[in-house]
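Here, each number is a calculation from the coordinates, and none is a lab measurement. A quick note: this is a predicted structure, and the numbers were derived from the prediction, not measured. Cβ placement follows ideal geometry from the backbone for every residue including glycine, while neighbour counts extend to all protein chains displayed.
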Amino acid sequence: MGAAIIEALDEAIAFQAGQKPGATVRTVTARRAMRAPAPRYRKGEIARLRKRMKLSQPVFADALNVSSASVKSWEQGVNEPSGAVLRLLQIAERHPEVILEGISTR
């Protein structure tokens, strides 16, 4: 197992150095990076997303690393999510498995 890891690392280093054909190495700097802003999520959308993922409010909150009170207030329309949570909601919508993989049962 250790030999396979070392071999893979050697291959990755060769790719990075441009010594391995068939690999493209790109460096994206902050100056050249472009990313569309995360979409806004309204109360109905958040509740639908959570239910589609089959999660309770507390478990959904834990998966997003926010409080249950925050999720409840978003779903009731009292507050709207902002900042990094918007991107996390977008990831949860597009790739729910990424969020769900961190959840386990007791």
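Identify all lysines with a Cα-Cα distance to residue 54 below 27 Å; exclude those on the same chain that are fewer than 8 residues away in sequence.
43, 72
Just flag the GluC sites (Glu not before Pro) in the stretch 34-106 sitting in loop per DSSP whose Cβ has no more than 12 other Cβ atoms within 10 Å.
The qualifying sites are 101.
Output ³J(HN,Hα) for the stretch 4-21: one whole-Hz value per residue in order, computed from phi by the Karplus curve 6.51 cos²θ - 1.76 cosθ + 1.60 with θ = phi - 60°, and x for Gly and Pro.
Result, ordered by residue: 5, 5, 4, 4, 5, 5, 4, 5, 4, 5, 5, 4, 4, 7, x, 8, 10, x Hz.
Go ahead and run the numbers for FRET between residue 90 and residue 20, Cβ-Cβ distance against an R0 of 30 Å, rounding to 0.05.
The calculated FRET efficiency here is 0.30.
With θ set to phi - 60°, apply the Karplus curve 6.51 cos²θ - 1.76 cosθ + 1.60 along the stretch 69-74 and write out the HN-Hα couplings as whole Hz, x wherever there is a Gly or Pro.
Residue by residue, the stretch 69-74 yields 4, 5, 4, 4, 5, 5 Hz.
Just one of (i) 91; (ii) 102; (iii) 164 is volume of the Cα convex hull per residue in Å³ calculated from these coordinates, so which is it?
For volume of the Cα convex hull per residue in Å³, the calculated option is (iii).
Which whole-Hz ³J(HN,Hα) couplings does the stretch 31-37 yield from phi under the Karplus relation 6.51 cos²θ - 1.76 cosθ + 1.60, θ = phi - 60°, glycine and proline marked x?
The phi angles translate into 5, 9, 6, 10, 9, 5, x Hz.
With a ≥ b ≥ c the root eigenvalues of the C-alpha gyration tensor of the stretch 43-100, is it rounded (a/c under 1.5), prolate (a/b larger than b/c) or oblate?
Taking the square roots of the gyration eigenvalues as a ≥ b ≥ c, the stretch 43-100 is rounded.
Note down the net charge around residue 39, summing +1 for each Lys or Arg and -1 for each Asp or Glu among other residues with Cβ under 11 Å from its Cβ.
With Lys, Arg at +1 and Asp, Glu at -1, the neighbours total +2.
Within the stretch 67-100, whose backbone N sits under 20 Å from a point 7 Å along Cα→Cβ of residue 43?
The answer is 67-83, 86, 89, whose backbone nitrogens lie closer than 20 Å to the label point.
7 Å from Cα along Cα→Cβ at both residue 33 and residue 4: what's the point-to-point distance in nm?
Going from the residue 33 label point to the residue 4 one covers 3.2 nm.
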